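All remarks here apply to the structure that follows.
The values are calculated or read from the model by the stated rules, or taken from the named source; none is laboratory data. The shown structure was predicted, so the numbers you read here are calculated from the model rather than taken from an experiment. So basically every Cβ, Gly included, is an ideal-geometry build from the backbone, and we count neighbours across all protein chains shown.
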Amino acid sequence: MSKEKKNPFIAGGLNMVIPGSCYLYVENDRSRFIKTFIGAVVLIAVMVMLGNAIQDIRGFSLPQGLCTASLLLVILVPLFLIGQKTAHMHNSMLNQNAYYNIHRTQSKGSNDAKLTKIQNMRNEGLISEQELQKKTDDMSLKEQNPIG
């Protein structure tokens, strides 16, 4: 998962233009993109055919394309909202992880135990590679200069 916040409006807009692309933008999840893309393309095709069929009914007095456009909105609005929700959930998870890392208590064990805990945090995705490197560097500096 990407460690940077994503813009919900961009995610929603991308999801409307290319269904499922919000999953690539936010989470880089190709399998969800493909499933959503195929499903949405099928639904859009059905809505276009249904709109054209309704428009061809005699006595139906809507301007050309209005029925099809109305039916497409039934698909496009939820796609936009799903894209926004995906980005909001991603950003919320990043905020929760940051809050957790700030309030996490420091271990009082040996340096090996501390290094193991820091590595576990990295493996769980709670800290970035840069944060891991900074913490290990800080620990090695404290070993060399225990007074500071």
Picking from Thr36, Thr68, the residue that is among the hydroxyl-bearing types (Ser, Thr, Tyr), more than 14 Å from Asn15 (Cβ to Cβ) and part of a helix (DSSP H, G or I) would be Thr68
Residue count, the range 31-83, condition more than 25 Å from Lys6 (Cβ to Cβ), among the hydroxyl-bearing types (Ser, Thr, Tyr) and surrounded by fewer than 13 Cβ atoms within 10 Å (Cβ to Cβ), comes to 1
Taking the range 62-89 and keeping residues modelled with pLDDT of 90 or more and among the β-branched types (Val, Ile, Thr) leaves Val74, Ile75, Val77, Ile82, Thr86
Pairs returned, first residue in the range 119-143 that is assigned to a helix (DSSP H, G or I), second residue that is of a type in the set (Val, Ile, Thr), beta-carbon separation under 9 angstrom, 6 or more apart or interchain, are Gln119/Thr136; Met121/Ile127; Glu131/Ile118; Leu132/Ile118; Lys135/Ile118; Lys135/Ile127; Thr136/Ile118; Met139/Ile118
Within the range 90-124, the residues that are at pLDDT 80 or above and of a type in the set (Gly, Ala, Ser) are Ser92
